[in-house]
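Worksheet for the structure shown next.
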Amino acid sequence: MEQNNGHWRGFVPYGLAAFLIGMVGGFSTVLGPAFVQDLGIAYNNTTWTALSQAMSTAACAPILGKVGDVIGRRTTLLLGIGVFTLGNVLSALANSLIFMMAARFVVGIGTAALAPVIMAYIVTRFPKDQIAKGFSVYMLISSASVIFGPTLGGLMVSAYGWRAMIWLCAAICVSVFVVCLFTTGKEAPQNRNRQPFDGWGAVLVLIFFSLMLCVPSFGQNFGWASPAFLGVLVASLLSLTVLLAVERKVGNPILPGGFMKRRAFILSVLALFLTQGLMQANMTNTIIFVNYTQPANSAISGYAISVMYLGMSLGAVLVGPLADRFEPKLVLIGSFLLTGIGCGILLLFSTATSALMLMAALGILGFGLGGNGTIFMKVALSGLSQQEAGAGTGTYGLFRDLAAPFGVAVFVPLFTNQVTGRIGEGAAEAAAAVQAVHTLAVAELLCVAVGIGVVCFLPGIYKRGEVR
């Protein structure tokens, strides 16, 4: 373990990688709606651009986390930034929905390489009584770097088009790569896991979790009895069966079973699925809601999303470190209540919703999510060994990142399909959007309530942050 402030100095390139993901992610929040509008296709196609990136971000996280254990964090960090850059270049060149989906898939692969090595560094290099603080800084960087992205991205799209915005993202990627190349130290030999790599497990993990993410989207968009939905459902179940059979026979599996069986991991993941997915879904739905109700003032959605990330930053830095000092369950319940208040404000939305109300809803939601996201990392990842840090953080990253696309796959179609359905029944666009967002709020409040119940069953935490 590095002493004094050595762990903070070594964190610099990993912090820059977190900044890169957040900054480019902030700009990209306005990409989907702008892209489908440019192509002249329905807004519900934003589901597919978001889903393609979410699939690779989530499914590749445990695979590339394990790769980081094998080839070292420094190499994985630089490769991840390179792939992330390539994905943004391809996005800027996209001229069809299929092309853009492929490009965003590549962006997700880069993200999946970066997130596990950042978390693994914190778990293994920070003192145990500073891990929550390390995760708070990570969340602060990730959230704060996004704050101005939606607003500036919206302005750039309005002034110069979405392609210019993505080319700017690619330039930021190149700059960060150069800086990280010269600031990352040499990899210590003991940081690497020399056990054989589980290649078949990696393939099956990618197939199963990609298919699993498609299940709710296909059901919402094609119908729960459609051949497309049933085909994806059957294929996902078959791939899961094969994955479990293969992983039981492997000495060094992609998914570490012992780590995943812990109650702290299972309950944290369940609570994340119920709530953390609200973030990405509400960002997309807010843009679409404003486009339907106030098309002449669409920039206000960017302001609201920026305030949400500001709230996440404040939640991470103000609430997250409390997990090093107090019982995390109590802190989590408080942050969940704030999340519920943010969702509840959606019930007050109307055809003339003010920018202030939009910002209040997303800002309070973000504050709660920033706090509980940080604490869940502390609870779920405590106790990882040096050799399993990449695999463990990658596995946690898989389920954490599944939460966001799960929210997109469930809540975005829930909103957009209700809007289009009510318009088809003769309702005005603005009125249909208001009715749909109220239904969305009720569904999200139910998720928050169940999430609070799950938190009550988390294992107790010692004073210095050790899981019992």
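Some values worked out for this structure:
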read-out: Residue match in the range 91-102 (condition: free of Cβ contacts under 8 Å to residues at least 12 places away in the same chain and of a type outside the set (A, V, I, L, M, F, W, C)); value: yes
read-out: Selected residue (only one of Val203, Val146, Val174 is assigned by TED's automatic domain parsing to the domain that holds Asn372, modelled with pLDDT of 80 or more and either surrounded by fewer than 16 Cβ atoms within 10 Å (Cβ to Cβ) or not small (Gly, Ala, Ser) (or both)); value: Val174
read-out: First in the range 152-163 and assigned by TED's automatic domain parsing to the domain that holds Pro295, second anywhere and of a type outside the set (Val, Ile, Thr) and surrounded by fewer than 15 Cβ atoms within 10 Å (Cβ to Cβ), Cβ under 8 Å, 6 or more apart; value: Met156/Ala164; Gly161/Asp38; Trp162/Asp38
read-out: Matching entry among Phe105, Phe35, Phe19, Phe27 (being in the same structural domain as Thr124 (by TED's automatic domain parsing), touching a helix residue (DSSP H, G or I) at 6+ places or on another chain (Cβ under 9 Å), more than 27 Å from Thr416 (Cβ to Cβ) and of a type in the set (Phe, Trp, Tyr)); value: Phe19
read-out: Test: Leu445 is closer than 21 Å to Ile141 by Cα, part of a helix (DSSP H, G or I) and either at pLDDT below 85 or of a type in the set (A, V, I, L, M, F, W, C) (or both); value: no
read-out: Candidates Gly87, Gly65 - the one that is under 21 Å from the mean Cα position of the chain (by Cα) and closer than 27 Å to Ala164 by Cβ; value: Gly87
read-out: Residue list for the range 229-264, restricted to those being modelled with pLDDT of 85 or more and under 16 Å from Ala61 (Cβ atoms); value: Leu243
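Yes/no per residue for (1) in the same structural domain as Gly277 (by TED's automatic domain parsing); (2) at negative phi; (3) without any contact (Cβ under 8 Å) to a residue 60 or more places away in the chain; (4) in a loop (DSSP other than H, G, I, E, B):
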| position | (1), (2), (3), (4) |
| --- | --- |
| Leu310 | yes, yes, no, no |
| Ser313 | yes, yes, no, no |
| Leu330 | yes, yes, yes, no |
| Phe336 | yes, yes, no, no |
| Leu347 | yes, yes, no, no |
| Thr353 | yes, yes, no, yes |
| Ile364 | yes, yes, yes, no |
| Leu398 | yes, yes, no, no |
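Residues are listed down the side, and each one gets a yes or a no for (1) assigned to a loop (DSSP other than H, G, I, E, B); (2) surrounded by 20 or more Cβ atoms within 10 Å (Cβ to Cβ); (3) free of Cβ contacts under 8 Å to residues at least 40 places away in the same chain; (4) out of contact with any Lys or Arg (no Cβ under 8 Å at 6 or more places or on another chain):
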{"position": "Phe19", "(1), (2), (3), (4)": "no, no, no, yes"}
{"position": "Phe27", "(1), (2), (3), (4)": "no, yes, no, yes"}
{"position": "Gly32", "(1), (2), (3), (4)": "no, yes, no, yes"}
{"position": "Thr49", "(1), (2), (3), (4)": "no, yes, no, no"}
{"position": "Pro62", "(1), (2), (3), (4)": "no, yes, no, yes"}
{"position": "Val70", "(1), (2), (3), (4)": "no, no, no, no"}
{"position": "Thr75", "(1), (2), (3), (4)": "no, no, no, yes"}
{"position": "Gly87", "(1), (2), (3), (4)": "no, yes, yes, no"}
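Results for (1) surrounded by fewer than 24 Cβ atoms within 10 Å (Cβ to Cβ); (2) assigned to a helix (DSSP H, G or I), shown as yes or no for each residue.
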site: Asn252; (1), (2): yes, no
site: Ala264; (1), (2): yes, yes
site: Phe273; (1), (2): yes, yes
site: Leu278; (1), (2): no, yes
site: Ala316; (1), (2): no, yes
site: Leu322; (1), (2): yes, yes
site: Ile333; (1), (2): yes, yes
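The values are calculated or read from the model by the stated rules, or taken from the named source; none is laboratory data. Note that the coordinates shown come from a computational prediction; the quantities given were computed from them, not determined experimentally. Every residue, glycine among them, receives a Cβ derived from its backbone with ideal geometry; neighbour counts consider all protein chains shown.
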